[in-house]
Amino acid sequence: MSLNESVQEELEVLEAILMDDITISYDEKNRPEIVKTTIFPSTADEVDKQYVCVTLEVNLPETYPDCEPSVQLKNPRGLDESTINNIQKAIKDKCMEFLGQPVIYELIELIRESLTESNLPTCQCAVCLYGFSEGDIFTKTTCFHYFHSYCLANHLVITKRLFQEEQDKLPAWQKSVKEFQASCPVCRESISCDVEELKSALPPKDLESAQHFQVTSDLKKLQEDMRQLFIYQKNKGGIIDIEAEENKLLLITAGDGDSVEVS
Ligand SMILES: [Zn+2]
Ligand SMILES: [Zn+2]
């Protein structure tokens, strides 16, 4: 069997197993070039229990499998940097071990195993910036971002209130006919959540045990330095006073050269 055939066979097997979950791009000579698939932990098809995922992209050099492919992990969700680094290292080792043989299926399995092991978000909640401790109640959005339910509830309540306040300020003809649409605080994708249910969650443990905020002498000093800097910049004309700008007159020059003032 020629090398090309063994690659072809590998790709056929992958397509048969993964079906629509794998994309293979070919170059102009119809040579397979890039293999891409998004990998989830094994949770016996319980999709709502998959808390992490990552997209594997394998670039096949013409000399593959005699030369190792170049492998990239893209769009990691729920995984922190050290987990990604560990997977990357394991990928490198696997590629060396399988030099001369097809390796893509091995890589998929390796990544799936790692994801299954770390199937708990190891990232931070983008609202409170604390991690997820055991016992914390958290929510996974459809875009695979993670928040403590308590934090997401607060965020949604506040964004809804701000939306309403903005609407109330507008004259009737400018009011949007659109209803408030909740969106993910990280990627802005539309999300639908039961805010009442989220609200019933307890605050995250780390947030509860965090020290209460206190104004220290260092903070006071910083405040004073910033105040001095502000005055300095204002005197130099470096601060734009939005209110003053809005009240400025707009000059429209009429065709005959006369200026007409509009306030
Ligand atoms: Zn949080
Ligand atoms: Zn998102």
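Which of the residues that make up the stretch 100-127 are within 16 Å of ligand 2 (Cβ to nearest atom) and of a type outside the set (Gly, Ala, Ser)?
Scanning the stretch 100-127 gives 121, 123, 124, 125, 127.
Quick test of your reading of the structure: residue 71 fulfils all but one of (1) in a strand (DSSP E or B); (2) touching a Ser or Thr at 6+ places or on another chain (Cβ under 9 Å). Name the failing condition by number.
Status for residue 71: all satisfied but (2).
For (1) within 16 Å of ligand 2 (Cβ to nearest atom); (2) open to solvent by 70 Å² or more (accessible area, probe 1.4 Å); (3) in the same structural domain as residue 51 (by TED's automatic domain parsing), each residue gets a yes or a no:
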residue	(1), (2), (3)
147	yes, no, no
164	no, yes, no
188	yes, yes, no
226	no, yes, no
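Each row is one residue, and each column tells you yes or no for (1) in the same structural domain as residue 200 (by TED's automatic domain parsing); (2) free of Cβ contacts under 8 Å to residues at least 40 places away in the same chain; (3) under 30 Å from residue 5 (Cα atoms).
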residue	(1), (2), (3)
78	no, no, no
85	no, yes, no
95	no, yes, yes
99	no, yes, yes
105	no, no, yes
108	no, no, yes
111	no, no, yes
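Given the criterion open to solvent by less than 50 Å² (accessible area, probe 1.4 Å), within 16 Å of ligand 1 (Cβ to nearest atom), under 14 Å from the mean Cα position of the chain (by Cα) and not assigned by TED's automatic domain parsing to the domain that holds residue 50, identify the matching residue among 128, 184, 143, 151.
Within the list 128, 184, 143, 151, the selection yields 184.
State all residues of the stretch 1-51 that are of a type in the set (Lys, Arg) and open to solvent by less than 70 Å² (accessible area, probe 1.4 Å); if no residue qualifies, say none.
Listed by number, the list holds a single entry, 31.
Restricting attention to the stretch 36-58, does a residue exist that is part of a loop (DSSP other than H, G, I, E, B), of a type in the set (A, V, I, L, M) and out of contact with any Leu (no Cβ under 8 Å at 6 or more places or on another chain)?
yes
Test each condition in (1) open to solvent by 40 Å² or more (accessible area, probe 1.4 Å); (2) within 30 Å of residue 73 (Cα to Cα); (3) modelled with pLDDT under 90 for residue 118 and report the one that comes out false.
Answer for residue 118: the failing condition is (1).
Rundown of residues vs (1) at pLDDT below 90; (2) within 20 Å of residue 128 (Cα to Cα), yes/no style:
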residue: 153; (1), (2): no, yes
residue: 167; (1), (2): yes, no
residue: 176; (1), (2): yes, no
residue: 185; (1), (2): no, yes
residue: 197; (1), (2): no, yes
residue: 231; (1), (2): no, no
residue: 237; (1), (2): yes, no
residue: 248; (1), (2): yes, no
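If I ask for residues that are open to solvent by less than 90 Å² (accessible area, probe 1.4 Å), assigned to a helix (DSSP H, G or I) and touching a residue at least 40 places away in the same chain (Cβ under 8 Å), which ones from the stretch 200-223 would you list?
206, 207
The values are calculated or read from the model by the stated rules, or taken from the named source; none is laboratory data. On a predicted model such as this, the values are computed, not experimentally measured, just so you know. All Cβ positions, even for glycine, are placed from backbone atoms using ideal geometry, and neighbour counts span all protein chains on display. Only protein heavy atoms, including side chains, enter the accessible area calculation; ligands, DNA and RNA are left aside. Shrake-Rupley method; radii C 1.70, N 1.55, O 1.52, S 1.80 Å.
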